[in-house]
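Reading through the structure tokens given below for one structure.
The values are calculated or read from the model by the stated rules, or taken from the named source; none is laboratory data. This is a predicted model, so every value here is computed, not measured. Ideal geometry is used to build each Cβ from the backbone, glycine not excepted, and the neighbour counts take in all protein chains shown. Areas reflect the complete protein model, heavy atoms only, side chains present, ligands, DNA and RNA absent. Shrake-Rupley method; radii C 1.70, N 1.55, O 1.52, S 1.80 Å.
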Amino acid sequence: MTKTWWKESVIYQIYPRSFQDSNGDGIGDLQGIIQRLDYLKLLGIDILWLSPIFKSPNDDNGYDVSDYRAIMDEFGTMQDFDALLAGVHERGMKLILDLVPNHSSDEHFWFQEARKSKDNPYRDYYHWADEPRTNWQSFFSGSTWEYDEQAEAYYLHLFSKKQPDLNWENPKLRQEMHDIMRFWFDKGIDGFRIDVIPFISKRLDWPDGDPNNFEQTILEIYSNGPRLHEYLNEMYEEVCSKYDVMTVGEGIGVKPHNSLEYVDESRRELNMLYHFDHVTINYGPGGKYDPVDWKLSTFKQLFLDWDQAIEDKGWINIVLDNHDFPRMVSRYGDDSTYRKESAKMLAMMLLTLRGTPCIYQGSEIGMINVAFDSLDEYDDVEVVNMVREWREAGKDPSPLLPAVQQQGRDNARTPMQWDDSPDAGFTSGTPWLKLNPSFSTINVQKALADSNSIFYFYKDLLAYRKLNPTLIYGAFELLAPDSEQLFAYRRWDADHEFLIFLNFSSDSFAIEVEVEWEKYELVKSNYADSEKRLNPWECRIYRRVS
Ligand code: TEU
Ligand code: CA
């Protein structure tokens, strides 16, 4: 397997709007990130990924770009960006940005032009039709086809109405995207996370989807379009291959069986992608906002399936939460009695699977989901549109509240909790989204003052991972696959071997795996004792010594 810096790195995702405000307007910004670079260096991460920072009217918090070469007004200026990039590089870290190539904002110059007339040179930058071509549902409610008065036509938008889909069939549009990538690479950034990349090539036979099965529509119709791999290969040959940079695709709609089509090194497309299988594990018949229980055996199996599919031919990202999903400790751990223990256990999972881990801001202090009292307090366009749709249909949306509290994206978007001062050290003004009231007990200041904190557990593990390439490149074998409480696995190569035990329950039990214990030593745990019993949410790494 080829060894590269991006396989050996750990990524930290910043949601800039919620990270650190420097000027009191209640919105995080680039100067705020600069103020926190030493903190990130102390933690020991290698790569910073910033969610979109380009100019945007913020219908979807930057995932609706109106100028791919300018900084969002709220976040600062290009000078601020240059200072941030220099600050990251001075500290020996790398910086990757979020590229949103599937859609632009409707306020982008291209769309403003395109809607003017049928023969406008930008018309073909988007997908137009005289009638809605399909029954497709948008991610953010309603049809994916919106009539535009000025254009006298319908345009396609898989996300909100303010996010028209770009037409990658058009070579000029592809050229524009390549130029944009070069612009940022020439500035010195180290790569891109690429938003919904499996969607850029459309099915021009425009098949209808099953209106009762959105996940299937995503998988079979929106993703993996006919020319996708041609576009990705072109992007690699024309742009990425000319720089020492990395790409990680958001792998929505990608499954183990077609994963290598994206990341097999010999195909020269993307370097990595991250998958969604564990994210949708609790989606019920009604989808995301109809959550159901999930089983640990299923959860483990899907990580195994991914590892076996990729093996040593490609590479993936390991992601347990991000700005689109609930907090990982609330979702896969226990965010009350065993918050600290389970947050550390999940950290161990994140940092010892095969793949480049991505830590989402706040996970390193065990931030938890928020439960706002009313649907009107939610900001996310997904929730706002869903509530509006219910009201327009004459239905009372309040029964949605518990599901939104559990599954909503704002769980991960409340401001970063730096200390216990009135606005958690995030802002001196009014935060754009309410703080999670947990900030008085869960915050960075507290974590840094406690040598037993989740923060230092991450820091130690990050350092340990760096010193032990077996935990990066080594093979993976699942142990005790049927256990509904224990996630256990072996990582090894020709020289070294590790056993990892993760207790996904509040029970205490004896380790059920056959091990020649005398050959192993315990090197890391979130408890002090070393009995061959696991405490609630305990995690352990053993290293083979003979
Ligand atoms: O997300 C793509 C995506 O389809 C999901 O993560 C989606 O947001 C979620 O399932 C909705 O329930 C990416 C970005 O990460 C997300 O923030 C954007 O809203 C979306 O693309 C559109 O750009
Ligand atoms: Ca600000």
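Regarding region 190-198, can at least one residue be identified that is out of contact with any His (no Cβ under 9 Å at 6 or more places or on another chain) and among the acidic types (Asp, Glu)? Taking every residue of region 190-198 in turn, none turns out to be out of contact with any His (no Cβ under 9 Å at 6 or more places or on another chain) and among the acidic types (Asp, Glu).
Filtering region 514-526 to residues that are within 33 Å of the chain's Cα centre (by Cα) and hydrophobic (A, V, I, L, M, F, W, C) leaves LEU522, VAL523.
When GLU311, GLU341, GLU364 are screened for being at pLDDT 95 or above and over 19 Å from the mean Cα position of the chain (by Cα), only GLU341 passes.
Once region 433-445 is narrowed to residues that are open to solvent by 50 Å² or more (accessible area, probe 1.4 Å) and in a loop (DSSP other than H, G, I, E, B), the residue that is nearest to ligand 2 (Cβ to nearest atom) is LYS434.
With the structure loaded, tell me whether TRP306 is away from ligand 1 (no atom under 16 Å from the Cβ), surrounded by fewer than 16 Cβ atoms within 10 Å (Cβ to Cβ) and within 21 Å of the chain's Cα centre (by Cα) or whether it fails that test. Can you show your working first?
Working: away from ligand 1 (no atom under 16 Å from the Cβ): yes; surrounded by fewer than 16 Cβ atoms within 10 Å (Cβ to Cβ): no; within 21 Å of the chain's Cα centre (by Cα): yes.
Considered against the rule, which asks whether it is away from ligand 1 (no atom under 16 Å from the Cβ), surrounded by fewer than 16 Cβ atoms within 10 Å (Cβ to Cβ) and within 21 Å of the chain's Cα centre (by Cα), TRP306 comes out as no.
Among the numbered conditions (1) within 16 Å of ligand 1 (Cβ to nearest atom); (2) out of contact with any Gly (no Cβ under 6 Å at 6 or more places or on another chain); (3) assigned to a loop (DSSP other than H, G, I, E, B), tell me where ILE281 comes up short. That leaves (3) as the condition not met. Kindly indicate whether any position in region 55-64 is within 15 Å of ligand 2 (Cβ to nearest atom) and surrounded by fewer than 18 Cβ atoms within 10 Å (Cβ to Cβ). No: zero hits. Just one of the numbered conditions (1) of a type outside the set (D, E, K, R); (2) on the phi > 0 side of the Ramachandran plot; (3) touching a Ser or Thr at 6+ places or on another chain (Cβ under 8 Å) is not true of ALA480; which one? In the conditions (1) of a type outside the set (D, E, K, R); (2) on the phi > 0 side of the Ramachandran plot; (3) touching a Ser or Thr at 6+ places or on another chain (Cβ under 8 Å), ALA480 misses (3) alone.
Kindly establish whether SER66 is in contact with a Lys or Arg (Cβ under 8 Å, 6 or more places away or on another chain) and not assigned by TED's automatic domain parsing to the domain that holds MET181. Spelling it out, it is not the case that SER66 is in contact with a Lys or Arg (Cβ under 8 Å, 6 or more places away or on another chain) and not assigned by TED's automatic domain parsing to the domain that holds MET181.
Can you tell me which residues in region 190-218 are surrounded by 15 or more Cβ atoms within 10 Å (Cβ to Cβ) and at pLDDT below 95? Passing the criteria: only PHE214.
Out of all the residues in region 309-330, which are outside any loop (DSSP other than H, G, I, E, B), more than 14 Å from ligand 1 (Cβ to nearest atom) and in contact (Cβ under 8 Å) with a residue 40 or more places away in the chain?
If we filter region 309-330 for residues that are outside any loop (DSSP other than H, G, I, E, B), which is where we start, we get 309-310, 316-319, 328-330.
Restricting the remaining residues to those that are more than 14 Å from ligand 1 (Cβ to nearest atom) gives 309-310, 316, 318, 328-330.
Selection gives ALA309, ILE310, ILE316, ILE318, SER330.
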